[in-house]
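Novice: Below you'll find the structure I mean.
The values are calculated or read from the model by the stated rules, or taken from the named source; none is laboratory data. Note that the coordinates shown come from a computational prediction; the quantities given were computed from them, not determined experimentally. Note that each Cβ is placed from the backbone with ideal geometry, even for glycine, and that neighbours are counted across all protein chains shown.
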Amino acid sequence: MLLSELRRALMNIRMLSVILVSLCLLYLSAYNTLLSTSVFIDSDATDLSDQGLEKIHEFGKNKYHIWTQSYIYMQTIFIFAAVLPFTASYIQEKNSKYHYLQIIRVGERKYRVIKFLVNCLAGGIALLLPELVYYIFLTLLARNKVLEPFTFHPEGLYSNLFTETPDLYILFIFGVHFLIGFAFAGFAYGISSFFTKTILAYVIPFGCYLTYDIIISNNETMNRYALTNLYNFMSSTNYSLGDFSLAIIGLLVLGISLYYINYRMVNKYG
């Protein structure tokens, strides 16, 4: 059941939509902040020397510069991207009674554990996969030179790693974003297990995220735990790896707790 559920989570129109939209937003962010003024320029301009043009291209076609400027728009949808692929699947199966067939096959507890795990993986992969595809395209099409120094560079935790081994830092950020998607998808799955309308599986978690971030961002001692702040790992300078871990664990614990409460309620009241 685990592999079949994972295939369902990854090979559906919602996951494809998340990947395509994410790729577009990553590119548009880089285009508006960097590429439009340093790559797509008039190379035949009379006031531009060959040396000057090469300097602009070295700056604007650099893979690492482009990558650092690619996340401005993604920070507006990353939560929705993590939730969209598979969070509503439990509600849909419950409403159609399909979940009874799975429960007969593997038992309710195993069914619920697999559904929760697969949804978490889908949330993490929904953030990771488009970033990985985008990174591969950048590696193939852009200049891979490590500049000394970089004009654009991260300022957050472990940013010194970027100046020495930028590809390793980028892989680290991929891991950070995967964990954020994994954890929030778990929270969203837990809270949506109480609903019967599919739309609520998307609206309620997103509303919780907005409310939480607005409230906590206005608290100077707690704003480091804002989810947007966690996603902007490259520019967030006011939290530690322990803070990040606490936020991720907190989301998972909350999601598992809600999911377990729903499990007990269903067993008791039907």
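Novice: Does Thr198 satisfy the criteria of being within 19 Å of the chain's Cα centre (by Cα), among the β-branched types (Val, Ile, Thr) and surrounded by 14 or more Cβ atoms within 10 Å (Cβ to Cβ)?
Specialist: So Thr198 does not fit the description; no.
Novice: Pick out the one residue from Phe178, Phe184, Phe174 that is among the hydrophobic types (A, V, I, L, M, F, W, C) and touching a Pro at 6+ places or on another chain (Cβ under 8 Å).
Specialist: Phe184
Novice: Does region 135-157 include one or more residues that are part of a helix (DSSP H, G or I) and surrounded by 17 or more Cβ atoms within 10 Å (Cβ to Cβ)?
Specialist: Yes: one or more hits.
Novice: Any idea which residue in region 59-93 is surrounded by the fewest Cβ atoms within 10 Å (Cβ to Cβ), counting only those that are more than 15 Å from the chain's Cα centre (by Cα) and of a type in the set (A, V, I, L, M)?
Specialist: Ranking the qualifying residues of region 59-93, first place goes to Ile91.
Novice: Criterion first (part of a helix (DSSP H, G or I) and either within 30 Å of Ala122 (Cβ to Cβ) or at pLDDT below 90 (or both)) does Phe40 satisfy it?
Specialist: no
Novice: If you don't mind, there's one more thing I want to ask. Hey, among the residues in region 201-225 that are small (Gly, Ala, Ser) and modelled with pLDDT of 90 or more, which one's surrounded by the fewest Cβ atoms within 10 Å (Cβ to Cβ)?
Specialist: Gly207
Novice: Could I ask something else about it? Looking at region 94-134, which of the residues that are crowded, with 18+ Cβ neighbours inside 10 Å and among the small types (Gly, Ala, Ser) is nearest to Leu6 (Cα to Cα)?
Specialist: Applying the filter and picking the extreme gives Ala122.
Novice: Now, a different point. Give me a count of the residues in region 244-270 that are over 23 Å from Ala201 (Cα atoms) and surrounded by 17 or more Cβ atoms within 10 Å (Cβ to Cβ).
Specialist: 1
Novice: While we're on this one: For region 184-242, name all the residues that are of a type in the set (Phe, Trp, Tyr), in contact (Cβ under 8 Å) with a residue 40 or more places away in the chain, over 27 Å from Val266 (Cβ atoms) and in a helix (DSSP H, G or I).
Specialist: Residue satisfying the conditions is Tyr231 alone.
Novice: Could you go through region 69-82 and let me know if any residue there is hydroxyl-bearing (Ser, Thr, Tyr), in contact with a Phe, Trp or Tyr (Cβ under 8 Å, 6 or more places away or on another chain) and part of a helix (DSSP H, G or I).
Specialist: No, every residue in region 69-82 fails to be hydroxyl-bearing (Ser, Thr, Tyr), in contact with a Phe, Trp or Tyr (Cβ under 8 Å, 6 or more places away or on another chain) and part of a helix (DSSP H, G or I).
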